[in-house]
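Comments concern the structure below.
The values are calculated or read from the model by the stated rules, or taken from the named source; none is laboratory data. Computed from a predicted structure; not experimentally measured. Heads up, the Cβs are rebuilt from the backbone with ideal geometry, glycines too, and the neighbour counts pull from every protein chain shown. Accessible surface is based on the protein model in full, side chains and every heavy atom, while ligands, DNA and RNA are left aside. Shrake-Rupley method; radii C 1.70, N 1.55, O 1.52, S 1.80 Å.
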Amino acid sequence: MTTLRWALADGWTVARRDLIHWRNQPMTVVFGIAFPIMITLAFGYLFGGAVRVPQGAGYFDFLMPGMYGMTMLFGLSATMVAVSADAAKGVTDRFRSLPMSPSAVLVGRAVADLLHSALILAGLLACGLAVGWRPATAGGAFGAVGLLLLLRFSLLWAGMYLGLVAREPGAAVVVQTLEFPVGFLSNAFVAPGTMPGWLGAIAEWNPLSSTVAAARQLFGNPGWGGDSWVAQHPVLMAVAWPVAITAVFFVLSVRRYRLLDR
């Protein structure tokens, strides 16, 4: 119990460090909130009239859950940049020289980034409400937000592992380049059924697709159907995928952190 309390205290200290950085550099937070809002408005008002929305609903009712999911995905490279920057500047090495729990630095970063992501998601939810998007029920909305943040939490660990492996902020450009193809290879904007068979199967098994489909279901918004097992059980898969990703990358991240410079 003492060891766990020590690890939690260390983790919160690291999280506070990151939160203080954001307080001292508020434009980082402001841009993080503004960027997905600008993308959403561009999609909604530039392309909305050319897209046939399922079930004859309004385009923003269809678009917003997809944008919520994409925003959670985009945070992966941001976490990677922060972790690799700390490694490049020697901050990680200084942490490792202190009597701290090996997982505390990573847990602290995960807590801080998750709070940051929740703030960005709140800003995008407010944007959705401003343009006319509405969830069907409050309970469903809370469930959908929980699944979106669960996906973000799992991707945090993937980003931290990649940052520890790269140890160079410039390598994040590769991940940032891949975020868009991974995001578009999902059901966020296009029905997988309209893709070639093998590509549609990949899109349906994309973890982002499960979270977006589950969010649409819980928000009560229109979405694409599907005959595959994964498409028929979006809420279950929206939980299973993040749990599996977290389990894998948590272990890999802690192991990589312990082996730095060995």
Given C-alpha coordinates of segment 140-183, what is the ratio Rg to Rh with the Kirkwood estimate of Rh?
1.11
Using the alpha-carbon centroid of each, what span in Å lies between segment 186-262 and segment 73-115?
25 Å
With the 8 Å Cα cutoff and a minimum separation of six or more residues, the chain has a relative contact order in percent of 27 percent
Computed lengthening from Phe184 to Val91, 0.36 nm per intervening residue step minus Cα-Cα distance:
30.0 nm
Under unit Cβ charges (Lys, Arg +1; Asp, Glu -1), what dipole magnitude, rounded to 20 debye, does segment 168-262 have relative to its Cα centre?
340 debye
In whole percent, what relative contact order does segment 109-259 give with Cα contacts below 8 Å and a gap of six or more residues?
33 percent
For the chain, which whole percent of the accessible surface, found with a 1.4 angstrom probe, sits on carbon and sulfur atoms?
69 percent
Compute the angle between helix 2-24 and the longest alpha-carbon principal axis of the chain, please, reported from 0 to 90 degrees and rounded to the nearest 10.
70 degrees
By how many degrees, 0 to 90 and rounded to 10, does the Cα axis of helix 207-219 deviate from the longest principal axis of the chain?
60 degrees
What dipole magnitude, in Debye to the nearest 20, does segment 86-229 give about its Cα centre under +1 on Lys/Arg Cβ and -1 on Asp/Glu Cβ?
320 debye
Using the Cα centre of the chain as origin and beta-carbon charges of +1 (Lys, Arg) and -1 (Asp, Glu), tell me which of Pro36, Val105, Tyr161 is placed farthest towards the positive end of the dipole.
Val105
Could you give the nm distance between label points at Phe31 and Leu199, where each point is 7 Å from its Cα heading toward the beta carbon?
3.3 nm
Magnitude of the Cβ-charge dipole (Lys and Arg +1, Asp and Glu -1) of the chain about the Cα centre, nearest 20 debye, reported as 660 debye
When ligands, DNA and RNA are left out and all protein chains stay put, how many square angstrom of accessible area per residue does the chain have with a 1.4 Å probe?
48 Å²
Determine the gain in length on full extension of the stretch Ser228-Arg255; use 0.36 nm per residue of separation and subtract their C-alpha separation, reporting nm with one decimal.
6.1 nm
Using a 7 Å offset from the Cα along the Cα-to-Cβ direction at both Tyr45 and Ala122, what is the distance between the two label points in nm, to one decimal?
2.6 nm
